[in-house]
Amino acid sequence: MLYIMRHGRTDWNVRQKLQGRTDIPLNDEGRAMAEKAREEYRATPLDLCYCSPLIRAEETARIVLSGRDIPIIRDDRLREMSFGAFEGIENYFTNPDFPLSALFQKPEAYTASVGGAESFEELFARTGAFLKEVVDPLMRQGKNVLIVGHGAMNMSIISRIRGLPIRDFWSPGIESCKLVRLL
């Protein structure tokens, strides 16, 4: 089985600041969310966990898997999508004048031509390589794998596995510290 989880809450989530690859730790609420997930998913059989190297994802994985003998492997391909110069911007989702608003409001119209933000093509290339090189062989071996990552990065994996068109990129949604079964 393949499972995916988004990291717990951070202070930047609370302030509605665009995080991207900025390395923000969990806040107390995020740690409590991960503790709750540890209890909720304690019986879920897992062989190994891959996570983003960003502290909020790694900390979530460590809390969720605490007390279990499950290796946690960091992989750079699981980092959050880069939003370039726009990381740290507040209230980005509700601002129609925000240069990356298409990414969140109309993903099929998004182009990464401003501010050094990552394109969908770049995001899908790295997460696709991870799926092909890491996940596919593990699924053939019958392993139970957890991926702990981020909103956009997780959506790229979900979209790819479920064959969603780019216009539906955000439609699956993924709550923080909730386990989603993919395969």
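The values are calculated or read from the model by the stated rules, or taken from the named source; none is laboratory data. Quick caveat: nothing in here was measured; it's all calculated off a predicted structure. Reconstructed Cβ throughout: ideal geometry from the backbone, glycine too, with neighbour counts over all protein chains shown.
Some observations on this one:
- Positions within the stretch 98-134 being polar (S, T, N, Q), surrounded by fewer than 17 Cβ atoms within 10 Å (Cβ to Cβ) and under 21 Å from Gly149 (Cα atoms), in sequence order: Ser119
- Restricting attention to the stretch 47-68, the residues that are surrounded by fewer than 20 Cβ atoms within 10 Å (Cβ to Cβ), touching a helix residue (DSSP H, G or I) at 6+ places or on another chain (Cβ under 8 Å) and closer than 17 Å to Lys36 by Cβ add up to 2.
- When we screen Glu35, Glu58 for residues that are charged (D, E, K, R), touching a Ser or Thr at 6+ places or on another chain (Cβ under 8 Å) and in a helix (DSSP H, G or I), the only hit is Glu58.
- Qualifying position, being on the phi > 0 side of the Ramachandran plot, touching a Ser or Thr at 6+ places or on another chain (Cβ under 8 Å) and in a loop (DSSP other than H, G, I, E, B), among Gly20, Gly8, Gly67: Gly20
For every residue, the table says whether it meets (1) in contact with a helix residue (DSSP H, G or I) (Cβ under 7 Å, 6 or more places away or on another chain); (2) at pLDDT below 95.
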| position | (1), (2) |
| --- | --- |
| Ala112 | no, yes |
| Arg126 | yes, no |
| Val148 | yes, no |
| Ser159 | no, no |
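- Met155 vs. criteria in contact (Cβ under 8 Å) with a residue 24 or more places away in the chain, under 18 Å from Arg181 (Cβ atoms) and out of contact with any helix residue (DSSP H, G or I) (no Cβ under 6 Å at 6 or more places or on another chain): no
- Any hit, the stretch 88-97, residues being surrounded by 16 or more Cβ atoms within 10 Å (Cβ to Cβ) and farther than 21 Å from Ala32 by Cα: yes
- Screening Leu164 against (1) out of contact with any His (no Cβ under 8 Å at 6 or more places or on another chain); (2) assigned to a loop (DSSP other than H, G, I, E, B); (3) at pLDDT 95 or above; (4) buried (at least 19 other Cβ atoms within 10 Å of the Cβ) leaves a single unmet condition, (4).
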